[in-house]
Structure formats: structure tokens, C-alpha cells
Amino acid sequence: MVLAASRVDAPAFWKEVAATPHGGAIATCIQCGTCTSSCPVEAHVPDFNVRRLVARVKLGLRDDVLSDPAIWTCTRCFACVARCPKHVEPGEIVEALRHLALREGRDGVGPRHARAFADSVRENGRIHESRVTIESIGVAGVVREGLLPVRMALHGKMPSLRRRPLETVAEVQALIAAAEESP
């Protein structure tokens, strides 16, 4: 468990999270574990435990939480949100943590993927999967995948290496610019 090696570095961290959209209910979390028992990701990635993540936020383990690669594991299925008896919206808290990590320029596969995805949509009007993959995990990461890329290519699942922007990319860029300007 991460808590043993961590130290409290921001006792009011939960208030910072609570100030984000949908983060306000974090104070009402009773640590019942319904979110974790509902989470399909946790069954496959034991390091991702929503209940413990919320507990670490409330304990003030800011640096520990924002640098944890597990916050990027959530698939946003909202099973935790649907089942939380206190309406804490744990999935939204995970999203708030991701935004805080990005705003601070944290590094790792998750933040690199989020930035590459957003940059690709800004430039092309849609994602360029090959570029996003390489910018997320790097060429070395692709090589570590072993035969998976080859098997994908043999099944016609290899993303195009060629960039193909939408004809309406200017409209997509205008929508993004308008969204970034609004509060």
C-alpha cells in the first residue's frame, strides 16, 4: 500500500479537489468501498482502487496522488458514480485529479497520452492513432509490445501512419477555441 511510504504534504488537498467541478462531494465520502467493488478496472488493475485514492486525497497526500499512474487507469464507465450511496461521484474526482496533474505538467504515460490526444484533435480534427501511441509510450514502448503491433497489422487493425485531417478541421479548431475561452 502506498500510504506507508507517503507523507502528508498538503493537508487541505481535499479542499482543492472539492473546489473543482463535481469534486465538492468528496467531503461526504464515508469510505464504504462501494466504488471499488463496483469498478471493473480494479478487478484487472489492482493498483487502481478508487476508495483508497479518495482516502489519500483526504489525507493530504497531494504529490503521491497526482504522480500516481493509477489515476489514468479509470475508463470513465461511471459504475462507481451510479452506485455511490453518498453521491460522491468518485469518477468525477478521478477526472479532477487528472486535470490537476495536467495543469501542473506531471509526466507519465497517462499525461502524455492526454496531451497527445488533445494536440492531435486540435491539429487534425480527429485523433491520429499512430502519433498518439508513439507520443504516449514512445518507440521503445511500441517495441516492448512485442508482436502485438504485427498481429494488429495482420488483422487489419493497424492505425494509419499517414495523417488525414478532416476537411472541417477549421470548424473543430473553432469549437475547441470557444470551449477553452469559456469559464
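Just so it is clear, none of the values below were taken in a lab; they were calculated from the coordinates. Being a predicted model, the structure only gives us computed values, none of them experimental. Note that each Cβ is placed from the backbone with ideal geometry, even for glycine, and that neighbours are counted across all protein chains shown.
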Counting Lys +1, Arg +1, Asp -1, Glu -1, what net charge surrounds Ala153 among other residues with beta carbon under 15 Å of its beta carbon?
+1
Which residue, Phe117, His155, Ser136, has the largest displacement toward the positive end of the dipole of the range 109-181 when charges sit on each Cβ (Lys, Arg +1; Asp, Glu -1)?
His155
Looking only at lysines whose Cα falls under 29 Å of Lys15's and that sit 8 or more positions away or on another chain, we get Lys58, Lys86
Taking N as the residue count of the range 72-136, its alpha carbon Rg divided by 2.2 N^0.38 Å gives 1.30
Using a 4.7 Å cut-off between beta carbons, which cysteines in the chain end up with no partner cysteine at all?
Cys29, Cys32, Cys39, Cys74, Cys77, Cys84
For the range 90-165 and the range 30-59, compute the distance between their C-alpha centroids and round to whole Å.
25 Å
Debye-sum result for the range 109-181 in log10 I(q)/I(0), which assumes one identical scatterer on each alpha carbon, at q = 0.13, 0.18, 0.28 Å⁻¹
-0.45, -0.76, -1.22
Bin by bin, in steps of 5 Å, what percent of the Cα pairs in the range 2-103 do you find, going until the bin that has the longest distance?
2, 15, 27, 27, 21, 7, 1
Is there a quick way to get the dipole size of the chain? I mean about its Cα centre, with the Cβ of Lys and Arg at +1 and of Asp and Glu at -1; what is the value in debye to the nearest 20?
400 debye
Step by step: find N for the chain, compute 2.2 N^0.38 Å, then divide the Cα radius of gyration by it. What's the final number?
1.17
